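Peer 1: Pasting in a structure now, in structure tokens, and then I'll have a few things to ask.
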Amino acid sequence: MKWSRLLSLLASFLVTALFVLAWKLVADYKLVSPVFLPGPDRAWTSLVRGFTTGDLGVKFLATVERMFWGWLIASLIGVALGAAIGTSPKLRAYLAPMLEFLRPLPASATIPVAIAVLGLSDGMVLAVIAFGALWPVLLATIHGFAAVEPRLYEVGRALRLSRATVIAKIALPSASPDILAGMRLGLTVALILSVVCEMIAGRDGLGNWILLAARSFRAPDLYAGVILLGLLGYFTAIAIGLLEARLLVWRSRAR
Amino acid sequence: MKRSWWKGLVVPAALIVAAEIAMRLSNTTSMSLAAPSDILAALLRALFDGSMLVATRDTLASAGAGLLLGGLLGLLLGMIFGLIPIVNRLMEVTVEAIRPIPSVAVLPIAMLVFGFGYSMEIAIVAFSCLWPVMILTRAAMAGIEPRLIEVARALRLSTTQRIAKIVLPAALPRIMVAVRLAAAIALVVAVTVEIAANPLGLGYGILVAQQGLQPDLMLAYLVWIGVVGWSLNATLAFAEKRLFGRAAQVEAAGA
């Protein structure tokens, strides 16, 4: 079983390599104008050059930082607020309909409002990212806390635990799969909003970089940036997957 | 539950009244905020002079066309991947390499290829809708009762007959869930693209209102985008319930 899995993965890598080769051939024979589609070799050279002689590394880190801090703020606020709302049926009755109404609102639509209020600053960018990434975390946390087995709460009451202890010892572990799923979604949102904010507000970062590259028809730079953003998306997904596996290890053990 | 629906209105109403009073008391002409009554007036004005309706049409048309294109492609790929396991295994790395690219990262590429306008926006929306539909369709194919496939084989149905008569009906409730999810994504991406680059639709409207220092109009656009997003979501949820009833609910709970 393990060998066949390895073999299929290898074959799958080969297929990907074939696609890259096809991309190179299409670009080399100029089947598509090189203005739109530079070959993978040119994109790679541009990526390496950006990191060695250019300041691509700095821009990359700026985007990562923005995404991470925005996401962290959103996660902390989301879990705290979600815990308060999720554990109290009264708060839920008053607030849940409003939250459900606000949920489908595109977070990027708040960018012009944030610019008007906070100006074109890094604080504005952070506020937008945090606001956008807040929703998935908040709603998942509320759902997680609301779905805690009622008998567990009864146990807490029987043991005369305080509300804070009930949340920390009973509700939080029981809701953690939902919370982590929300945080995973929040991270994707945070990455997208970081890129969008950089594009609109002209803050230094990958988003701004690829937009400028497109405007000045530097296609290899553009593709290098897009590849880098893809890698960023890929590795953040892996990172949060690892976090999930580590935090939820008791879950698989209990089964 | 039915008796307490008004509770959901208490907090938003209180917030609106508080905002109104605060804006009236401070009595300043703010460049970034406006009183709710002014926002409502601006909303009605923009709706009656048709500018907001035109913008809504542009946004919904782009989002709809992108959803159709990306959804069909995702459906096709998902069916291929779900029904032919070897293709799925061979394409695994390729799909996982492209999927994490944030939707807005392809914006500059689309800008380069299509220039500004509908086609660029449609392309980006299609790219973003493709993945969730593909993945959920693939999962839906895997979730089809194996005995149904056996029946198809026993009846010696051709491949097209098998897909039309067995596979699609069996997977339809889950595919509908995917479509609803993708529709929400389509609207978010369309608005985002309009705010970031494309001079069209609601996103551009809100940006212009902000840059023109018309906070009442800007916030009116924000409210309207929220209403459009919420109605779209509610309509699709209603259609899903109506078309598939219990099947959809059971599937959604199981997914």
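The values are calculated or read from the model by the stated rules, or taken from the named source; none is laboratory data. This one's a predicted model, so the numbers in the text were calculated from it and none came from an experiment. Backbone-built Cβ (ideal geometry, glycine too); neighbour counts: all protein chains shown. Each accessible area value is taken on the protein alone, full model and side chains, heavy atoms only, with ligands, DNA and RNA left out. Shrake-Rupley method; radii C 1.70, N 1.55, O 1.52, S 1.80 Å.
Peer 1: Divide by every residue of the protein assembly as shown the summed helix terms, -39500 (n - 2.57) for each DSSP H run of at least 4, and state the resulting mean residue ellipticity at 222 nm, rounded to the nearest 500 deg cm²/dmol.
Peer 2: Dividing the helical sum by the residues of the protein assembly as shown leaves -27000 deg cm²/dmol.
Peer 1: Inside 10 Å of the C-beta atoms of A:157-164, what's the mean count of C-beta atoms belonging to other chains?
Peer 2: Mean shielding by partner chains, rounded to a whole number: 0.
Peer 1: State the percentage of accessible surface on segment A:58-206 attributable to carbon and sulfur atoms; use a 1.4 Å probe and exclude ligands, DNA and RNA.
Peer 2: Ligands and nucleic acids excluded, carbon and sulfur give 70 percent.
Peer 1: In nm², what is the average projected area of the convex hull enclosing the Cα atoms of segment B:1-151? Could the numbers behind the result be given before it?
Peer 2: Working: hull surface 65.4 nm².
With the hull built on Cα positions only, its mean projection is 16.4 nm².
Peer 1: Other chains near B:178-187: what is the mean number of their Cβ atoms within 10 Å of each residue's Cβ?
Peer 2: Numbers: counts 0, 0, 0, 0, 0, 1, 3, 1, 0, 3.
Average per residue, whole number: 1.
Peer 1: Further, regarding this structure: Taking 20 °C and 1.002 mPa s as the conditions, I'd like the Stokes-Einstein D for segment A:1-129 in µm²/s, using the Kirkwood hydrodynamic radius from alpha carbon pairs.
Peer 2: 107
Peer 1: Also, quick follow-up: Given that compact globular proteins tend to follow 2.2 N^0.38 Å, what is the ratio of the alpha-carbon Rg of chain B to that value?
Peer 2: Normalised Rg, Cα atoms only: 1.25.
Peer 1: Something else about it: For the protein assembly as shown, what percent of Cα pairs sit more than 39 Å apart?
Peer 2: Here the tail beyond 39 Å accounts for 30 percent of pairs.
Peer 1: Mind running the shape call on segment A:186-228? Use the C-alpha gyration tensor, a ≥ b ≥ c as the square roots of the eigenvalues: rounded below 1.5 for a/c, prolate if a/b tops b/c, oblate otherwise.
Peer 2: Numbers: a/c = 3.15, a/b = 1.57, b/c = 2.01.
It is oblate, given that a/c is not under 1.5 and a/b is not larger than b/c.
Peer 1: If you don't mind, another one. Within 10 Å of each Cβ in A:189-195, how many Cβ atoms from other chains are there, averaged over the peptide?
Peer 2: 4
Peer 1: Using θ = phi - 60° and the Karplus form 6.51 cos²θ - 1.76 cosθ + 1.60, what ³J(HN,Hα) does each residue of segment B:184-194 get, whole Hz, x for Gly and Pro?
Peer 2: 4, 4, 4, 5, 4, 5, 4, 5, 4, 4, 5
Peer 1: Moving on to the next point. So, taking all protein chains as they sit and a 1.4 Å probe, how much accessible area belongs to B:LYS7, in Å² rounded to tens?
Peer 2: 50
Peer 1: Another question, if that's okay. Where the centre of each part is set by its Cα atoms, how far does segment A:181-255 sit from segment A:47-126, in angstrom?
Peer 2: Segment A:181-255 and segment A:47-126 have Cα centres separated by 13 Å.
Peer 1: Let me ask something additional. Against the empirical 2.2 N^0.38 Å scaling, what ratio does the C-alpha Rg of segment B:52-112 come to?
Peer 2: It is 1.48.
Peer 1: Another question, then. Restricting to Cα pairs below 8 Å that are 6+ residues apart, what does the relative contact order work out to for chain B? Please round to a whole percent.
Peer 2: Numbers: 274 pairs, mean separation 69.0, N = 255.
Relative contact order, chain B: 27 percent.
Peer 1: Right, here's the next one. Could you rank the peptides B:158-164, A:87-93, B:97-103, B:216-222 by their average count of other C-beta atoms within 10 Å per residue, with the highest value first? Before the final figure, lay out the partial values.
Peer 2: Numbers: B:158-164: 12.4, A:87-93: 15.1, B:97-103: 19.4, B:216-222: 25.6.
Highest to lowest by the protection proxy: B:216-222, B:97-103, A:87-93, B:158-164.
Peer 1: Distances longer than 29 Å among the Cα atoms of chain A: what percent of all pairs is that?
Peer 2: On the way: 15384 of 32385 pairs.
Result for the distance tail: 48 percent.
Peer 1: May I pose another question? So which lysines pass the test for B:LYS241, namely a Cα distance under 20 Å, with those fewer than 8 places away in the same chain ruled out?
Peer 2: List returned: B:LYS2.
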